Amino acid sequence: MAHQLIKPISISRSYPNFDGAWYLVHFIPQGQEPFSVSIREFKDNEANAVKVWSKLASECFASLNIKIDYIVRPLGSKELKSSGTKSLDSLGAALAATLKCQYVPETMLKKKHIGPMHYISRKVDRIKALEGIYQVNPDSNLTDGNSFLIIDDISTSGATVNAIRSELEKYFPTSKIYFYTLARTERLEGCNNQYDPSIFD
């Protein structure tokens with residue numbers, strides 16, 4: 001079977017409150033195929049995986065020809081503000097350099113610590129756990145009427161990025177807000193077979 005090129009796949013219908021949403025590959029939580037393994041390595045901040053995904057994701061998003069002004073990311077379960085040391089920080093910086101925009105992780109704050117979302121199985125419970133957690137940094141000097149890109153490594157329920165989007169909309173009501181994730185959770189084995197795993201060599 002000839003391999004397909006990895007390119008952004010629209011999931012905008014699943015994220016109707018965004019101006020657009022995309023992912024690149026599927027993530028199988030217990031999967032041992034190369035893409036799921038590499039996504040886990042990215043989450044663990046392993047250097048090669050971070051380098052490969054940051055480059056690939058930047059090139060893929062650039063192909064959409066969408067103007068982005070600001071890039072933000074979700075905060076980790078132990079973060080109340082950006083530490084600047086996460087793999088998503090490398091991804092955000094790479095995207096900002098490619099798209100010629102600003103990576104501004106300090107824009108989002110959390111009011112308190114909450115546990116990792118993967119321990120909460122139901123979407124409704126994730127949404128409840130995230131209520132009132134995110135806020136826009138009151139020291140932010142970003143302007144309304146621009147475009148935001150929220151980035152993530154894995155999307156499962158969308159609860160976290162929707163919580164961030166909701167808060168951004170309060171402060172920047174006329175801005176466009178997009179979502180871009182490396183992977184979307186899938187339970188079906190073989191769902192990445194069309195892609196060439198040699199990109200990790």
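Could you pull out every one of the lysines with an alpha carbon less than 18 Å from that of LYS100, ignoring same-chain neighbours closer than 8 positions? Once the sequence-local lysines are set aside, what remains near LYS100 is LYS55, LYS67, LYS176.
Dipole of segment 9-192 computed with +1 at Lys/Arg Cβ and -1 at Asp/Glu Cβ about the Cα centre; of PRO173, ILE127, CYS191, farthest Cα towards the positive end is ILE127.
Taking amide H atoms as placed 1.01 Å from N in the peptide plane, the amide H of ILE28 lies under 5 Å from those of SER36, GLU186, each 5 or more residues away in sequence or on another chain.
Across the chain the C-alpha pair distances fall into 10 Å bins from zero in the proportions 9, 37, 39, 14, 2, 0 percent. Within the listed set CYS101, CYS191, CYS60, the residue fluctuating most in the Gaussian network model of the chain (springs between alpha-carbon atoms under 10 angstrom) is CYS191. Among HIS113, HIS26, a tally of other beta-carbon atoms within 10 Å of each Cβ gives an order, fewest to most, of HIS113, HIS26. This ranking places THR160, THR85, THR185 by how few other beta-carbon atoms lie within 10 Å of each, fewest first, which gives THR85, THR185, THR160.
Across segment 50-56, rounded Karplus estimates of 3J(HN,Hα) from the backbone phi angles (6.51 cos²θ - 1.76 cosθ + 1.60, θ = phi - 60°) give 4, 5, 5, 5, 5, 5, 5 Hz, Gly and Pro being marked x. Can you tell me how segment 23-67 classifies by the Cα gyration tensor, rounded, prolate or oblate, using a/c under 1.5 as the rounded cut? Because a/c hits 1.5 or more and a/b fails to exceed b/c, segment 23-67 counts as oblate. For ILE11, the residues whose amide H sits under 5 Å from its own are ALA21, TRP22, TYR23, ignoring neighbours fewer than 5 places away on the same chain, with H placed 1.01 Å from N. The charge dipole of segment 89-178, taken about its Cα centre with unit charges on the Cβ atoms of Lys, Arg (+1), Asp and Glu (-1) only, comes to about 300 debye. What is the antiparallel percent of DSSP beta bridges lying wholly in the chain, to the nearest 5? Expressed as a percentage, antiparallel bridges in the chain total about 20.
Quick note: the coordinates plus some simple rules give every number you see, no bench work behind them. Every value quoted in this text rests on a predicted model; they were computed, and no experiment measured them. Cβ coordinates were reconstructed from backbone atoms using ideal geometry, including for glycine residues, and neighbour counts include every protein chain displayed.
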